[in-house]
There are 2 protein chains.
Amino acid sequence: MSEVPAAPSPLRLGVLASGNGSNFAALAEAIAGGELAAQIQVLIYNNPDAPVAQRAQQWQIPSVLLNHRHYPSRESFDAAIVETLKTYAVEWVVMAGWMRIVTPVLLSAYPQRIINLHPSLLPSFRGLHAVEQALAAGVKITGCTVHLVTEELDSGPILAQAAVPVLPDDTPATLHARIQVQEHRILKQAIAEIAAQQVQVSR
Amino acid sequence: MSEVPAAPSPLRLGVLASGNGSNFAALAEAIAGGELAAQIQVLIYNNPDAPVAQRAQQWQIPSVLLNHRHYPSRESFDAAIVETLKTYAVEWVVMAGWMRIVTPVLLSAYPQRIINLHPSLLPSFRGLHAVEQALAAGVKITGCTVHLVTEELDSGPILAQAAVPVLPDDTPATLHARIQVQEHRILKQAIAEIAAQQVQVSR
């Protein structure tokens, strides 16, 4: 009689998003299609009118609005995020267009377990408006990066990157659209690798 | 009767190199093969035992050794370079592995007409040991850049770039070899574009 190994339990993700949510949607779709051994436990968003909330509804994923304007400090806001993540039994946190500075309150609750998507080939063009920065610098190639979040902005260990050409007539919008196609791909790639490592670790 | 336009005269290049000369050789070969409307008027090298000198001999290109150790200052060294370039009627200067800091003496003699090859996707990893810097930073993608030389190190306008994957087992040598294949390609591409622009300008 041979032992049948139990199917690994899916990686329990919490997604933080501020805006349109195209990366959230790409992730939800990949999970629904069986591409990723993961599930999104909860979406946390901070702008009441962020389109990402409708996307969560569409995919029947619980969503929680935490409006940073209602918290006295970054730390108290992050404490509310941590509480929500724990309530939904989140193991890994995915920042997909999360436009807030992260404090040690969140970092220490999920050490080495928070990933961020940044629309440049880090270490080039850290911080806000990375696509505009790349256009202003006149680079011919830019891209996107998935990295672990650490206290220093856009500087944690890199998990995945993709290169994207800058075309002569690009505007921030056309270039960002081209980058986003690659963002979806490397976000899925990074989460697949994390899920595979978790299985190894738990054996 | 239609007028037959005269064939454009080839772009007269001077190459500065310090080392192995693989980019010099790639350029010489492309010119010999009729790929580029350019010719190398002279190679200037600064290390008596630089292998690039043999390459020049092989391609029957004049080469001049200017040993920086024999000059009292960076400026006097650059003045000797300018004199040599002018003697050989050089129009555009190509730094292909030139390991010396450039002074305004050379920059002002060839304003906006000096190009440099750098083994990273600028603005990432300026300065020395760019390949080692990329490995230390843990990036998944690096590359190379052809740019105009200005007074600020590795910061002039970008003419061409190429992306190169970093593989898990890469050493500086294996990664640099992969980058060099792309260096040869974008150096030729940049010079072809300059030659095409010169023709437009002269019409």
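The values are calculated or read from the model by the stated rules, or taken from the named source; none is laboratory data. What you see is a predicted model; the values in this text were computed from it and never measured. Cβ sites come from the backbone with ideal geometry, for glycine too, and all protein chains shown count toward neighbours. These area figures cover heavy atoms from the full protein model, side chains too; ligands, DNA and RNA do not enter into them. Shrake-Rupley method; radii C 1.70, N 1.55, O 1.52, S 1.80 Å.
Loop sites here are GluC sites (Glu not before Pro) outside DSSP states H, G, I, E and B with no more than 15 other Cβ atoms within 10 Å. The longest part of chain B free of them is B:36-150. Its Cα gyration tensor gives segment B:62-115 an equivalent ellipsoid. The semi-axes, each the square root of 5 times an eigenvalue, are 16, 13, 11 Å from largest down. Given the options B:LEU106, B:LEU65, B:LEU167, which has the most mean-square fluctuation in a GNM of chain B, springs set between C-alpha atoms less than 10 angstrom apart? Among B:LEU106, B:LEU65, B:LEU167, the largest mean-square fluctuation in the Gaussian network model of chain B belongs to B:LEU167. Pair-distance distribution P(r) for segment A:9-111, from all Cα-Cα distances in 5 Å bins starting at 0: 2, 14, 25, 26, 19, 10, 3, 1, 0 percent. Note on chain A: antiparallel DSSP beta bridges, both residues inside, total approximately 40 percent of the bridges counted.
Computed over the alpha-carbon atoms, segment B:155-194 gives an Rg to Rh ratio of 1.07, Rh here being the Kirkwood radius from the mean inverse distance.
Name the aspartates and glutamates eligible as straight-distance cross-link partners of A:LYS86: C-alpha to C-alpha under 14 Å, and not fewer than 8 places from it in the same chain. A:LYS86 reaches A:ASP78. B:MET95 contributes about 10 Å² of solvent-accessible surface, heavy atoms of the protein only, 1.4 Å probe. Placing unit charges on each Cβ (+1 for Lys and Arg, -1 for Asp and Glu) gives segment A:54-203 a dipole about its Cα centre, and among A:HIS129, A:LEU85, A:ALA196 the Cα reaching farthest toward its positive end belongs to A:ALA196. Remark: the protein assembly as shown carries a charge dipole of roughly 80 debye about the Cα centre, counting +1 on each Lys and Arg Cβ and -1 on each Asp and Glu Cβ.
When B:PRO10 is represented by a point 7 angstrom out along its Cα-to-C-beta vector, the spacings to that point in the other copies are 6.3 nm, nearest first.
Simple point charges give the picture: +1 on the Cβ of Lys and Arg, -1 on the Cβ of Asp and Glu, and for chain B a dipole about the Cα centre of about 100 debye.
Beyond 41 Å, what percent of the Cα pairs of the protein assembly as shown remain?
Tail fraction, whole percent: 32.
At 7 Å along Cα-to-Cβ for each site, give me the label-to-label distance between A:GLN112 and A:GLN54 in nm. Rounded to a tenth, the inter-label distance reads 4.1 nm.
Its residue count N sets the reference 2.2 N^0.38 Å, and the alpha-carbon radius of gyration of segment B:117-203 equals 1.18 times that reference. Distances between equivalent label points of B:PRO48 across the copies, with each point positioned 7 Å along Cα→Cβ, amount to 8.0 nm, shortest listed first.
The spacing between segment A:141-203 and segment B:179-199, judged by their C-alpha centroids, is 29 Å. Measuring spread by the Cα atoms of segment A:56-203 yields a radius of gyration and Dmax of 16.6, 51 Å.
Identify the residues of segment B:115-155 with backbone N under 15 Å of a label point that sits 7 angstrom from the Cα of B:GLN189 along the Cα-to-Cβ direction, or state none. Hits in segment B:115-155 for B:GLN189 at 15 Å: B:117-122, B:142-148.
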